[in-house]
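The values are calculated or read from the model by the stated rules, or taken from the named source; none is laboratory data. Computed from a prediction, not measured in an experiment: that's the story for all the values here. We place every Cβ from the backbone using ideal geometry, glycine too, and count neighbours over all the protein chains shown. Surface accessibility is based on the protein's heavy atoms, side chains included, excluding ligands, DNA and RNA. Shrake-Rupley method; radii C 1.70, N 1.55, O 1.52, S 1.80 Å.
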Amino acid sequence: MSKKPHFYLDSDVFIAAKNAYYAFSICPGFWKSLIHYHGKHRLYSIDRIRGEILAGRNTDDLVQWTQNELPKEFFRATDSEEVKNAFTDVMLWAQRSGQYSESAKAKFATEADGWLVAYAKVHPGIVVTNEQARPDSKSRILLPDVSKQFDVEYQNTFTMLKELDVKYDWKE
């Protein structure tokens, strides 16, 4: 039997869920399933994603859920030497790339995406994001493109939910 992979969630998974399909008032089961699969050692994110969520605008319910419901252990620390070294590799790749604009490189350097790829490289797992690959992009460095560059698997929220065999069933 093969080991089941870990999934590492990007901040957009939380934010898009809250703002659309899985809003807290529409689908509380989504949020409960994240906690459940974390308890099964399948779902995580990183400390820097937590920072993005807590710093977010117009996400009061998401901030409160993150602070009050989601176990702190959900967010893995990125302060190990291995993760820092992998992050350095990601940043060097981004900064040396002739493809991206300087503003894209500067924005990428301030976000958690590089840290998420670095963490998944050191602690193999699947990065979960709603971003789509755009290998020709010049104005934005996208998480799927960085993941591909560093041989880190990625997928979207729906694929992760299918792999976890999550079902949100409605009963009258």
Which of S137, V117, F7, positive extreme of dipole for the chain (C-beta unit charges)
F7
Excluding S101 itself, calculate the net charge of residues whose Cβ lies under 11 Å from the Cβ of S101, where each Lys or Arg counts +1 and each Asp or Glu counts -1.
+3
Count neighbours as other Cβ atoms within 10 Å of each site's Cβ, and list the GluC sites (Glu not before Pro) in segment 46-120 that are DSSP loop with at most 14 such neighbours.
E69
Accessible surface, per residue, of the chain when the full set of protein chains is kept, probe 1.4 Å, Å²
56 Å²
Lysine pairs in segment 1-108 with Cα atoms under 17 Å, if 8 or more residues apart or on separate chains:
6
As a test question: what accessible area, to the nearest 10 Å², does D79 have when a 1.4 Å probe is rolled over all protein chains in place?
110 Å²
If DNA, RNA and ligands are ignored and the probe is 1.4 Å, what is the ranking of H36, H123 by accessible area, most exposed first?
H36, H123
Given H placed on each backbone N at 1.01 Å, which residues far from V127 in sequence or on other chains put an amide H within less than 5 Å of it?
Y8, E153, Y154, Q155
Going by Cα centres, segment 131-172 and segment 66-130 are how many Å apart?
15 Å
Karplus-derived HN-Hα couplings along segment 134-139 (A = 6.51, B = -1.76, C = 1.60, θ = phi - 60°), whole Hz, x at Gly and Pro
9, x, 9, 4, 10, 8
Distance between modelled label sites at D89 and A23, nm, 7 Å Cα→Cβ extension:
4.3 nm
Considering only the other residues whose Cβ falls under 12 Å of the Cβ of S147, what net charge follows from Lys and Arg at +1 and Asp and Glu at -1?
-4
